[in-house]
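Please treat every number below as a calculation from the coordinates, not as lab data. None of the values given here were measured: they were computed from a predicted structure. Don't worry about glycine lacking a Cβ; one is built from the backbone with ideal geometry, like all the others, and counts go over all protein chains shown.
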Amino acid sequence: MVQKVTEVVGKSTQGFAKAAEDAVRTAAKTVRNLRWFRVTELEGSVKDQKTIEYHATVKIYFDFEEPK
């Protein structure tokens with residue numbers, strides 16, 4: 001079995017875990033056969049000395065579909 005990987009960035013105002021969930025949930029809308037993911041980077045946005053948004057860069061692995 002061959003797997004393919006795509007990299008996406010999820011965002012949330014509620015933390016890094018929610019940002020990662022957002023990335024997977026959004027990718028699942030258009031990518032079939034999702035199998036697992038890896039968070040590769042965490043970042044955030046700051047305004048007025050406060051964190052206002054969390055970003056999670058996520059590699060999402062899914063089964064590659066062979067042409068028929």
Notebook entry, point to check: Under a point spin-label approximation (7 Å from Cα along Cα-to-Cβ), what is the residue 26-residue 61 distance to one decimal in nm?
Noted result: 2.3 nm
Next item on the list: Kindly give Rg over Rh for segment 3-63, based on alpha-carbon atoms, with the Kirkwood expression for the hydrodynamic radius.
Entry: 1.05
Next item on the list: Distance between Cα centroids, segment 45-68 to segment 1-37: provide it in whole Å.
Entry: 6 Å
Next item on the list: Please work out how many pairs of lysine residues in the chain are eight or more positions apart (or on different chains) and have Cα atoms closer than 26 angstrom.
Entry: 14
Check: How much length, in nm to one decimal, is gained on full extension between residue 45 and residue 6, taken as 0.36 nm per residue of separation minus their Cα-Cα distance?
Finding: 11.7 nm
Notebook entry, point to check: When Lys and Arg each count +1 and Asp and Glu each count -1, what net charge do the other residues less than 11 Å away from residue 59, Cβ to Cβ, add up to?
Noted result: 0
Item checked: Electrostatic dipole magnitude of the chain [Cβ: Lys, Arg +1; Asp, Glu -1; Cα centre; debye, to 20] -> 160 debye
Next item on the list: Between beta-carbons, use under 12 Å as the cut-off and find the net charge around residue 23, counting Lys and Arg +1, Asp and Glu -1.
Entry: +2
Next item on the list: Output the peptides 32-42, 17-27 sorted from most to least packed, where packing is the average of other Cβ atoms within 10 Å over each peptide's residues.
Entry: 17-27, 32-42
